[in-house]
Amino acid sequence: MAQSTTAGIVTRLEQKKFVKGFISTDDRGRKIVRLTKASMDCCNDADRKQQVEQQLLLELTNEEQKIFQILLKKSIVHGFVK
């Protein structure tokens, strides 16, 4: 990945408070990037959502799972679910 691409991604993540960037004390041309509590919380939320989804789908047939996912996507598109 190009340095400019990486820098842009890190900048956007900093703006969203998902990472914190620091200039290296050993090499001023190097930036150290660390995850923030917000990013860890986001990851934990994603894990919990995945567990809930797996539990919801566990008792459904493959066809029922497909229908459920289609309906869920439609509800997200129309703003019923965030």
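The values are calculated or read from the model by the stated rules, or taken from the named source; none is laboratory data. Remember, it's a predicted structure, so these values are computed and weren't measured experimentally. Note that we place each Cβ from the backbone using ideal geometry, even for glycine, and neighbour counts take in every protein chain shown.
Here residue 79 meets the list (1) assigned to a helix (DSSP H, G or I); (2) modelled with pLDDT under 90; (3) not aromatic (Phe, Trp, Tyr) almost entirely, failing just condition (1). Scanning for something β-branched (Val, Ile, Thr) and either under 28 Å from residue 12 (Cβ atoms) or at pLDDT below 90 (or both), does region 69-76 turn up at least one residue? Yes; the residues of region 69-76 include at least one that is β-branched (Val, Ile, Thr) and either under 28 Å from residue 12 (Cβ atoms) or at pLDDT below 90 (or both).
Every residue, every condition in (1) among the aromatic types (Phe, Trp, Tyr); (2) part of a loop (DSSP other than H, G, I, E, B); (3) loosely packed, with under 10 Cβ neighbours inside 10 Å, yes or no:
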position	(1), (2), (3)
4	no, no, yes
22	yes, no, no
25	no, yes, yes
43	no, no, no
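Among the residues of region 45-60, those that are hydrophobic (A, V, I, L, M, F, W, C), in a helix (DSSP H, G or I) and over 13 Å from the mean Cα position of the chain (by Cα) comprise 52, 56, 57, 58.
Considering the conditions (1) within 21 Å of residue 71 (Cα to Cα); (2) exposed (fewer than 10 other Cβ atoms within 10 Å of the Cβ), residue 29 is excluded by exactly one of them, (1). Applying a threshold of 6 Å to beta carbon distances and a minimum spacing of six or more residues, or different chains, the list of pairs starting in region 47-67 at a residue that is polar (S, T, N, Q) and ending at one that is part of a helix (DSSP H, G or I) and surrounded by 10 or more Cβ atoms within 10 Å (Cβ to Cβ) reads 65/57. Between 22, 18, the distinction of being closer than 30 Å to residue 7 by Cα and touching a Ser or Thr at 6+ places or on another chain (Cβ under 8 Å) belongs to 18 only.
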